[in-house]
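**Student:** So that we are looking at the same thing, I have put the structure below in structure tokens.
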Amino acid sequence: MEEKTLYTVTIFSENRVGLLNQISIIYTRRKLNIESLSVSPSSIKGVHKFTITSFSDRETIEKLVKQIEKRIGVLKSFYYTDDEIIYQEIALYKVPTEKLLEEPNLEKIIRKYNARILEMSRDYTILEKTGHPEETEALFEDLKCHDIRQFVRSGRVAVTKDINEYVTMFIEERKRDKEELM
Amino acid sequence: MSEKITGAEALLRSIEAEGTDTIFGYPGGAIIPVFDRLYDHGGKLNHILVRHEQGATHAAQGYARVSGKTGVVFVTSGPGATNVITGLSDAMMDSTPLVVITGQVSSESLGSDAFQETDVIGITQPVTKWSHQIRTADEIAWAVSRAFYIASTGRPGPVVLDFAKNAQNEQIEWNGYKKCEFIRSYIPYPEVNEDDVDAVAEIINAAERPLLVSGHGVMISEAEKELVELAEKADIPVATTLLGLSTIPSAHPLNKGMLGMHGNVAPNMATNRCDVLIAVGMRFDDRVTGDVKEFAKQARVIHIDIDEAEFNKNIKADATILGDAKAVMEKLLPKIKKTKHTEWLDSFVDDEQLELEKVIKKEVYPITGDLKMGEVVNKISEAAGETAVLVTDVGQNQMMSSRYFNYFIPKSIVTSGGLGTMGFGLPAAIGAKIGAPERPVCFFVGDGGIQMTVEELGVILQYGVAVKIIILNNNFLGMVRQWQDMFFNKRYSQTPMVNPDFVALAKAYGIQAEDVVTREELDGAIKRMMEYDGAYVLNVKVEEEGYVFPMVPAGSTMINTIIAPGEKYQPEN
């Protein structure tokens, strides 16, 4: 059996109620666990973008993407391995300020991770770090001894390395199809 | 010109504008406003009151499959809606266009666990092509036009509109109805790629042992003529899937029969010997392929289908053409060279002879012993004539009737293929007769399946639907019994049945009926049934331990075909 790879699936859809459910049941039916998920408006007006990561093999993910694209309301769907995209996630860390100030290498850590301080109060400090999961994870490890109260990570966002913008092309093509009909 | 009407009235005007004249349904609290308006649409909209909502969906499926039109269903919320799930799943698997309107509680009550509220969108999304909740009256025309467009175009399928009660009652300005012709995210008829056609034509023209497989897609796209033309031009033997039966007449010399678990030996074996397999409008169901790793592994596989997600799903294709079967055939035909494959076609004869001797003669022309299912089907098919529609239930009755019925014209079979729904048959037969009133409808069913939806006999009573019902009664859940016999040491767990007096039951519904027990009684009973102007039930006592053969065991390969109890297929040479 093929070894499992982390695949990033991107989906461009109309902004309609119920699409997330339709997409997630396609994952569930194939017993694919969703590792991360982020949904937001895309750069194209009225078009939403889903970015979903999951461990799978190529054949399964290829079939999954075809099934997703079949749903009414889904414009286009693609799948990528990590080397085909630039991707980031964001992490926030809430640490008691008192504990943080005990850290002799605080400056070094912040520099090393290129982390930012978003807020600092008498009680707690909020740090922010963007990067790959292993980077945000590493900062978490370094801060662990300072009694981290909260640590949250976002889903992945990703852009492709490919020069072609297939979704824009598709939407333009469909616009022409519509005009021909009218 | 606009006028004020209610949402319920808007729904009826919308479906009328789509050309609907028949609705299968069942009223209830959350859909009463629609049924109230229906009262005034009697001349245009013919509503068939079923006896259970599942029956409404299957009847609509039967209606859609024979007429090519979209089947329309009205049911209420809650249990009315949950009762249509089996029909929706069946229609999804077998690509049948349905628009199912479910009543729903008022928008303000949604999510409050109101009386007869259920999450219809959540439940139906996995088993429909599209499902949408109508919460305001002004979206009705939009939603209905999309529903019909989505259900009936491309690869057809079921659509649900969940119609909140407040939207049924709301008043709106009616400005007429416009059919949907375009949805940005949905391309029902992809343009056929010429390069793909060229590549496929080249493979077919170079083939020495080509095999054409005709599926349901050929029937949906009405490409039967073109398919037969292709077969004749390049002299290619044709096999059909279960749902592809009647896409080529039974008697056509190039028709080699049905593929699959209970298909014909010759075409099944040919999948292991052909050098090119051309699949049109089919999806390589596991009941067709058996073990996918072994299926046609020596062949170059050409897959022609309208649904891109079917390519490489079960069987890897060497070449594909995406598109409607008819559009593809029209482009492909001029590029196909006229040729002969005499030797290849002759190679089918041994297996055909073997099946005739070992299976068909015993099943269709027995001389002694109890009545056989195959002989009953064959005689009824002969009596029913060339325009007859076969409707089946699921199980041995389905395999026997689909194998031994004779097909002359397209759209002559209605059966539950993908989902294999017992109880499908009776309501589907009713729908088929209503959809094709001029054609005789012969419905074969087992003693088990008839009891799953037997309540629909009430529809026959109420509307005088002239369906010929043949119960192949062996007092067993026959197909499961066959598996228990062959693979579970004859441990007949929960398959023997104590049955009611079916003739008395039919008569209680005012339906003519008679028992047939002996071979001598059969011809006369069939004659009386076919000549009778109206519905008729024949309760035929067939041998208890009948088997459907040949049989490719589940997940196995063609070469392991079982031909008779304890006897494996042995090639002639």
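**Student:** Going by the structure shown, is residue B:415 under 14 Å from the mean Cα position of the chain (by Cα) and β-branched (Val, Ile, Thr)?
**Tutor:** Yes; evaluated as a whole, the condition is true for this residue.
**Student:** Please verify whether the stretch B:214-226 includes one or more residues that are away from chain A (no Cβ under 13 Å), without any contact (Cβ under 8 Å) to a residue 12 or more places away in the chain and either of a type outside the set (Asp, Glu) or surrounded by fewer than 16 Cβ atoms within 10 Å (Cβ to Cβ) (or both).
**Tutor:** Yes; the residues of the stretch B:214-226 include at least one that is away from chain A (no Cβ under 13 Å), without any contact (Cβ under 8 Å) to a residue 12 or more places away in the chain and either of a type outside the set (Asp, Glu) or surrounded by fewer than 16 Cβ atoms within 10 Å (Cβ to Cβ) (or both).
**Student:** Further question on the same structure: Looking at (1) within 27 Å of the chain's Cα centre (by Cα); (2) of a type in the set (S, T, N, Q); (3) more than 11 Å from chain A (Cβ to nearest Cβ), can you tell me which one residue B:131 breaks?
**Tutor:** (3)
**Student:** Still on this structure, please answer the following. Could you list all residues from the stretch A:128-171 that are acidic (Asp, Glu), over 18 Å from the mean Cα position of the chain (by Cα) and either modelled with pLDDT of 95 or more or under 30 Å from residue A:95 (Cβ atoms) (or both)?
**Tutor:** Listed by number, the residues that qualify are A:141, A:142, A:147.
**Student:** Let me ask something additional. Six or more apart or on different chains, Cβ atoms under 6 Å: show the pairs whose first residue is in the stretch B:170-187 and within 11 Å of chain A (Cβ to nearest Cβ) and whose second is loosely packed, with under 12 Cβ neighbours inside 10 Å.
**Tutor:** Going by the 6 Å Cβ cut-off, the qualifying pairs are B:181/A:181; B:182/A:181.
**Student:** Can you name every residue in the stretch B:154-169 that is assigned to a loop (DSSP other than H, G, I, E, B) and away from chain A (no Cβ under 11 Å)?
**Tutor:** Of everything in the stretch B:154-169, just one residue is assigned to a loop (DSSP other than H, G, I, E, B) and away from chain A (no Cβ under 11 Å), namely B:156.
**Student:** Report the residue count in the stretch B:14-45 for those that are over 24 Å from residue B:62 (Cα atoms) and not aliphatic (A, V, I, L, M).
**Tutor:** 6
**Student:** Can you confirm whether the stretch B:1-9 contains a residue that is in a helix (DSSP H, G or I), in contact (Cβ under 8 Å) with a residue 60 or more places away in the chain and out of contact with any strand residue (DSSP E or B) (no Cβ under 7 Å at 6 or more places or on another chain)?
**Tutor:** The initial filter retains those residues of the stretch B:1-9 that are in a helix (DSSP H, G or I), namely B:7-9.
Imposing the further condition that a residue be in contact (Cβ under 8 Å) with a residue 60 or more places away in the chain reduces the set to B:7-9.
Now narrow it down to the ones that are out of contact with any strand residue (DSSP E or B) (no Cβ under 7 Å at 6 or more places or on another chain): B:8-9.
Within the stretch B:1-9 (the criterion being in a helix (DSSP H, G or I), in contact (Cβ under 8 Å) with a residue 60 or more places away in the chain and out of contact with any strand residue (DSSP E or B) (no Cβ under 7 Å at 6 or more places or on another chain)), the answer is yes, since at least one residue qualifies.
**Student:** Going by what's in this entry, would residue B:348 be described as among the aromatic types (Phe, Trp, Tyr) and within 14 Å of another protein chain (Cβ to nearest Cβ)?
**Tutor:** Values: among the aromatic types (Phe, Trp, Tyr): yes; within 14 Å of another protein chain (Cβ to nearest Cβ): no.
So residue B:348 fails the test.
**Student:** Can you tell me which residue within the stretch B:116-128, out of those that are assigned to a loop (DSSP other than H, G, I, E, B), free of Cβ contacts under 8 Å to residues at least 60 places away in the same chain and over 15 Å from residue A:73 (Cα atoms), is farthest from the other protein chains (Cβ to nearest Cβ)?
**Tutor:** B:117
**Student:** Residue B:312 passes all but one of (1) surrounded by fewer than 22 Cβ atoms within 10 Å (Cβ to Cβ); (2) on the phi < 0 side of the Ramachandran plot; (3) part of a loop (DSSP other than H, G, I, E, B); which number fails?
**Tutor:** (2)
**Student:** In addition: How about the stretch A:1-113: which strands (runs of 3 or more DSSP E) wholly inside it have at least 3 residues that are more than 14 Å from chain B (Cβ to nearest Cβ) and among the hydrophobic types (A, V, I, L, M, F, W, C)?
**Tutor:** A:85-96
**Student:** Sticking with this one: Scan the stretch B:244-254 and tell me whether some residue there is in contact (Cβ under 8 Å) with a residue 60 or more places away in the chain, assigned to a strand (DSSP E or B) and of a type in the set (Ser, Thr, Tyr).
**Tutor:** No, the stretch B:244-254 contains no residue that is in contact (Cβ under 8 Å) with a residue 60 or more places away in the chain, assigned to a strand (DSSP E or B) and of a type in the set (Ser, Thr, Tyr).
**Student:** Cβ-Cβ below 7 Å, separation at least six or inter-chain, first residue in the stretch B:475-487 and at positive phi, second of a type outside the set (Ser, Thr, Tyr) and surrounded by 18 or more Cβ atoms within 10 Å (Cβ to Cβ): which pairs?
**Tutor:** B:475/B:447
**Student:** Of all residues in the stretch B:122-170, which are closer than 20 Å to residue B:7 by Cα and either among the aliphatic types (A, V, I, L, M) or assigned by TED's automatic domain parsing to the domain that holds residue B:416 (or both)?
**Tutor:** Of everything in the stretch B:122-170, those that are closer than 20 Å to residue B:7 by Cα and either among the aliphatic types (A, V, I, L, M) or assigned by TED's automatic domain parsing to the domain that holds residue B:416 (or both) turn out to be B:134, B:137, B:140, B:141, B:143, B:144, B:147, B:159, B:160, B:161, B:164, B:167.
The values are calculated or read from the model by the stated rules, or taken from the named source; none is laboratory data. Remember, it's a predicted structure, so these values are computed and weren't measured experimentally. Don't worry about glycine lacking a Cβ; one is built from the backbone with ideal geometry, like all the others, and counts go over all protein chains shown.
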